[in-house]
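**Student:** Structure incoming, see below.
The values are calculated or read from the model by the stated rules, or taken from the named source; none is laboratory data. Computed from a prediction, not measured in an experiment: that's the story for all the values here. A quick note on method: Cβ atoms are made from the backbone with ideal geometry, for glycine too, and the neighbour counts reach across all protein chains shown. With ligands, DNA and RNA removed, areas are computed over all heavy atoms of the protein, side chains included. Shrake-Rupley method; radii C 1.70, N 1.55, O 1.52, S 1.80 Å.
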Amino acid sequence: MTIDRRAFVRQLGLLSAGLSVPGLSALAQSGEARQVRDFRVVDIHAHCVVPEVAPLLDGTPFSDVPFIGWQTLSETRIDDMDARGIDVQVLSINRFWWYRADEVIAEKVVRLHDQTLSKWCESHPERFAALCSVALQFPELAAEQLERGVTEYGMRGASVGGSVLGEPLSSTRFDPFWAKAEALGVPVFMHPTSAAFLMQDGAFDGSGDLGNIVGNPLETTLFLSRLIFDGTLDRFPNLKIVAPHAGGYLPSYLGRTDVACDVRPNANCQNTRLPAEYLKDQIVIDSMIFSAEGLRHLVAEVGATQVVYGSDMPFNWPDTIELIASADYLSDAEKQAILGGNLESLLGI
Ligand SMILES: [Zn+2]
């Protein structure tokens, strides 16, 4: 059964009667409507910075790391979430500058990240969860940090970059970390870093902010492809990976990936299953694709169980709640799963 699109969107708290554009117009009523909705909208893709770590960095090579004010957590974030009809955000810290740090600094930074996010989540238990920002350059330490983050600080998983300074995360060196994530049963959210270690020599210079627009999805595509072809997802069959930006280009060009092992004698494939199959159980993908046809194709390739809502707040990308709510090929149950239910199950929230 499908329900009326406008009624559904209104139920999400995004539209008041007579309005066709979600967002600003609905500011006044969306917080209230959020209260009466019978399911939650959960956002896997939400960033913040933690300026509390700045004093730790005095006199280190990281003393100039910026902590931009509008990316810090404050009550304004909750207002912004209400305006968009987001119930819960799963916070992550990206840019991963601490991947360059030595073990002493990295340990302090990650611990303070966790403590600070944990405190914020505890003071807003209905609205926030968080991911541990492990120091992946030290895989054993990262495994310990993840366990501590989950057991002591209530972290719901880990957040990692697409590589460690260019070293692919499918390298067996990182297996202790993957093993820990699998053993703890928590997902790993990978966020790219503008393909900084993918393409050098100005490949993304020029107009269009290509490092973000092309580089980010490219880095995600490469990251996921490596985890598949290098056998990481086979070595850890219960591992769950969450990929931002609609999974990069992988779901839109999956046919080529699927035939690689058959047609390329030098592919040296380590995967035991067709690449597409990993996208149906081990890889979860956010909704940041911004077009109706893009979302339709994504769901067609990976299934409604594997797509989750992502906003990339506090960055100002278009919201995808209405895109999901208005998708006529999705049942109400599938819409609710994509908007929140899939993440509730994955994260145990
Ligand atoms: Zn992001």
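**Student:** Once you keep just the Cα pairs under 8 angstrom separated by 6 or more residues, what percentage relative contact order results for the chain?
**Tutor:** Normalised by residue count, the contact order of the chain is 18 percent.
**Student:** Can you work out the accessible area per residue across the range 214-349, with the rest of the protein chains kept in place, probe 1.4 Å, in square angstrom?
**Tutor:** Ligands and nucleic acids excluded, the figure is 39 Å² per residue.
**Student:** Please sort 157-163, 316-322 by packing, taking for each peptide the average over its residues of neighbouring beta carbons within 10 angstrom, highest first.
**Tutor:** Ranking, from highest mean packing down: 157-163, 316-322.
**Student:** Taking the DSSP beta bridges in the chain as the whole, what percent of them are antiparallel, to the nearest 5?
**Tutor:** For the chain, the DSSP antiparallel bridge percentage is about 10.
**Student:** May I pose another question? I'd like the Kirkwood hydrodynamic radius of the range 250-349, using the inverse of the mean 1/r over distinct C-alpha pairs, in Å.
**Tutor:** 14.7
**Student:** Between GLU167 and ARG148, what is the label-point separation in nm under the 7 Å Cα-to-beta-carbon projection?
**Tutor:** 2.0
**Student:** Order the peptides 125-138, 226-239 from the highest to the lowest mean number of other Cβ atoms within 10 Å of their residues.
**Tutor:** 125-138, 226-239
**Student:** Which distance in nm do the two modelled labels at GLU344 and ARG235 give, with both placed 7 Å along the Cα-to-Cβ direction?
**Tutor:** So the label points at GLU344 and ARG235 sit 3.6 nm apart.
**Student:** Moving to a separate point now. So, with a 1.4 angstrom probe, what is the percent of accessible area on the chain that is carbon and sulfur?
**Tutor:** 53
**Student:** Can you figure out the FRET efficiency of ILE213 with ASP80, using R₀ = 22 Å and their beta-carbon distance, to the nearest 0.05?
**Tutor:** 0.40
**Student:** While we're here: If you take the alpha carbon radius of gyration of the range 196-269 and divide it by 2.2 N^0.38 Å, what ratio comes out, to two decimals?
**Tutor:** 1.25
**Student:** List the extent of the Cα atoms of the chain along each of their three principal axes, largest first, rounded to whole Å.
**Tutor:** Principal-axis extents of the chain (Cα, largest first): 55, 54, 44 Å.
**Student:** OK, next. Give me the percent of DSSP beta bridges within the range 60-213 that run antiparallel, rounded to the nearest 5.
**Tutor:** 20
**Student:** On a full-extension model of 0.36 nm per residue, what is the gain between SER252 and PHE67, subtracting their alpha-carbon distance, rounded to one decimal in nm?
**Tutor:** 63.1 nm
**Student:** In addition: Distance from the Cα centre of the range 84-136 to that of the range 274-349, in angstrom?
**Tutor:** If we compute the Cα centre of each part, the gap is 23 Å.
**Student:** Run a plain Debye calculation on the range 77-204 (Cα atoms as equal point scatterers, no solvent) and give log10 I(q)/I(0) at q = 0.13, 0.19 Å⁻¹, rounded to two decimals, same order as the q list.
**Tutor:** With one equal scatterer per Cα and no solvent, log10 I(q)/I(0) is -0.55, -1.03.
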